[in-house]
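Comments concern the structure below.
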There are 2 protein chains.
Amino acid sequence: MSVPEPPTQAVRPSVLDPAIAARLRRDEAGLVAAIVREHGTGDVLMMAWMDDEALHRTLTTGRATYWSRSRQEYWVKGQTSGHHQYVKGVSLDCDGDAVLVTVEQVGAACHTGNHTCFFDELPVRTGVPT
Amino acid sequence: MSVPEPPTQAVRPSVLDPAIAARLRRDEAGLVAAIVREHGTGDVLMMAWMDDEALHRTLTTGRATYWSRSRQEYWVKGQTSGHHQYVKGVSLDCDGDAVLVTVEQVGAACHTGNHTCFFDELPVRTGVPT
């Protein structure tokens, strides 16, 4: 299956620090994954997507901001739900295709009303260290 | 930019439980994101990718197994490095495009030798709840 080459620059205008932008390895849509973790509990709450500008806004406003792939627009978490995410820290991973966002979560992170989006536990045969 | 439609079925042969396969929302390459968290500490260690069969192997062998996008092959974490991941639990998120894998991590999760891949902290203006 052929997919477009991933872009090496932002696909939408952004004032993200060029030194950070240069470290991003974006997918074909110009996005990196954003893994959201709750400050204090360490619970993994959700995964969303950021382009350069969403990352810039997240870093500079202290409010978690994503790119909505379905609506093709920026999305400040909590803007409609009131379930704000106040950013405590952001780390980039070793290959630049994901960020870990640590937040203070107001209310439920998941649109279903669950604390976390990862509430659907799958049956697993757990590994036993040998 | 036009990208292929995401597949509604596995892109490679898999014996994953059809009830689970039906809940996956794969990307254009037939993959879901796998967020890996350390059992006990709750540290987020890395992000990788799974197709249906990698998820099946992870669930049934108890050894975290991914799909390598660069090598286009299955990859059992630790197979070459010795840094095994013994699976303690797997949860699917609300929209089916990501799984959270809780593991016992042997050694460093990151190929750089770091405990976690998310070691590159970005400067952030932290949010203040109002």
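The values are calculated or read from the model by the stated rules, or taken from the named source; none is laboratory data. Here the structure is a predicted model, which is why all the values come from computation and not from measurement. Heads up, the Cβs are rebuilt from the backbone with ideal geometry, glycines too, and the neighbour counts pull from every protein chain shown.
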Next on the checklist: Can you find a residue that is at positive phi and within 9 Å of chain B (Cβ to nearest Cβ) anywhere in the range A:101-115?
Outcome noted: no
Item to check | Count of residues meeting criterion [buried (at least 18 other Cβ atoms within 10 Å of the Cβ), of a type in the set (A, V, I, L, M) and in a loop (DSSP other than H, G, I, E, B)] in the range B:1-51 | outcome: 5
Checklist entry - What do you reckon, is B:T60 on the phi < 0 side of the Ramachandran plot, assigned to a loop (DSSP other than H, G, I, E, B) and within 7 Å of chain A (Cβ to nearest Cβ)? => result no
Next on the checklist: Suppose the filter is modelled with pLDDT of 95 or more, out of contact with any Leu (no Cβ under 7 Å at 6 or more places or on another chain) and away from chain B (no Cβ under 11 Å); does A:H39 pass it?
Outcome noted: no
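Of all the residues that make up the range A:71-100, how many are in a strand (DSSP E or B), more than 7 Å from chain B (Cβ to nearest Cβ) and of a type outside the set (V, I, T)? Give the derivation first.
Residues of the range A:71-100 that are in a strand (DSSP E or B), as a first pass: A:73-76, A:85-92, A:98-100.
Checking the rest, the ones that are also more than 7 Å from chain B (Cβ to nearest Cβ) come to A:73-76, A:85, A:99.
Subset that is of a type outside the set (V, I, T): A:73-75, A:85.
Matching residues across the range A:71-100 total 4.
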Item to check | Odd one out for A:R26 among (1) farther than 20 Å from B:L31 by Cα; (2) in contact (Cβ under 8 Å) with a residue 60 or more places away in the chain | outcome: (1)
